[in-house]
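Novice: The structure is given below, and queries will be raised subsequently.
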Amino acid sequence: MEFLPEDLQRYVEDHSEPESDLLQQINRETHLHVLKPRMLSGHLQGRVLSMLSHMIQPKNILEIGTYTGYAALCMAEGMQSDGRLITIDNNEELAVRTKEYFNQSKWADQIDLRVGNASDIIPTLKEKWDLVFIDADKENYANYFDQVIDQVNTGGFIIADNVLWSGKVFDKTKSDKDTEAIRAFNQKVHTDSRVQNVLFPIRDGLMILRKV
């Protein structure tokens, strides 16, 4: 679901910082060679993630759901010079392509791609997070939040993607598992006193949470 008319979306992108050559390459090749290219963050959302990361200046970033690495590279732009980004995805085949993209970037030594089940990997991580990006299986959004919240530094941020779920979240006729899971997640974090929240209607919706 597109929330802006195509010509307005183009104007917004034309007046936002351009993608790097590597991000353009990832964007193009993902659409040509990878299933479900709509999962890619894309130009506008990528620039938003980059801007937020520059504002937060995170030392430790956790990404849950890597896909082809576009969002990870956008967040790495604002990471501290000695920072680290751990990203988790369960698609072993796609990880080969994604690692190649990471290796082309200047953050090759700072990005750690873990392949496996995020619910199993997250408890093994001992870092304290300044920024967490959740963009994986929707049924586990609430579980991922519960797994990471205690490891997020006070003042740190959690960002969850797809929280408007193509508009299904406010369509009472939709009751599939993913839609119900996103609704439950949105309500859960909205009423959690540990975080300040705002839902940005950017692309498919970004829930921005600040730990207080």
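The values are calculated or read from the model by the stated rules, or taken from the named source; none is laboratory data. Just so we're clear, the structure is a prediction, and the values are computed from it rather than from any experiment. In this analysis, Cβ positions are derived from the backbone assuming ideal geometry, glycine residues included, and neighbour counts consider all displayed protein chains. The accessibility values were calculated without ligands, DNA or RNA, using every heavy atom of the protein model including side chains. Shrake-Rupley method; radii C 1.70, N 1.55, O 1.52, S 1.80 Å.
Novice: Take Val163 and tell me if it is within 27 Å of Leu44 (Cβ to Cβ) and buried (at least 18 other Cβ atoms within 10 Å of the Cβ). Steps first, answer last, please.
Specialist: Working: within 27 Å of Leu44 (Cβ to Cβ): yes; buried (at least 18 other Cβ atoms within 10 Å of the Cβ): yes.
Yes, satisfied.
Novice: Take region 114-150 and flag every residue that is out of contact with any helix residue (DSSP H, G or I) (no Cβ under 7 Å at 6 or more places or on another chain) and open to solvent by 60 Å² or more (accessible area, probe 1.4 Å).
Specialist: Those that are out of contact with any helix residue (DSSP H, G or I) (no Cβ under 7 Å at 6 or more places or on another chain) and open to solvent by 60 Å² or more (accessible area, probe 1.4 Å): Asn117, Asp120, Thr124, Lys126, Asp137, Asp146, Asp150.
Novice: Please list, ordered by first then second residue, the pairs with beta carbon atoms under 9 Å, 6 or more apart or interchain, first in region 120-141 and of a type in the set (Lys, Arg), second open to solvent by 40 Å² or more (accessible area, probe 1.4 Å) and at pLDDT 95 or above.
Specialist: Note: pairs meeting the criteria are Lys126/Gln151; Lys128/Lys59; Lys128/Gln151; Lys128/Asn153; Lys138/Trp165; Lys138/Lys177; Lys138/Asp178.
Novice: Identify all residues within region 63-94 that are open to solvent by less than 10 Å² (accessible area, probe 1.4 Å) and farther than 25 Å from Glu13 by Cα; write none if there are none.
Specialist: Ile64, Gly83, Leu85, Ile86, Thr87, Ile88, listed by residue number.
Novice: Taking region 24-55 on its own, how many of its residues are within 15 Å of the chain's Cα centre (by Cα) and aliphatic (A, V, I, L, M)?
Specialist: Final tally of qualifying residues: 7.
Novice: What pairs come up if the first residue lies in region 192-206 and is closer than 13 Å to Ile159 by Cα, the second is crowded, with 17+ Cβ neighbours inside 10 Å and aromatic (Phe, Trp, Tyr), and their beta carbons are under 7 Å apart, counting only those six or more places apart or on different chains?
Specialist: Between residues of region 192-206 that are closer than 13 Å to Ile159 by Cα and residues that are crowded, with 17+ Cβ neighbours inside 10 Å and aromatic (Phe, Trp, Tyr), the close pairs are Asp204/Trp165.
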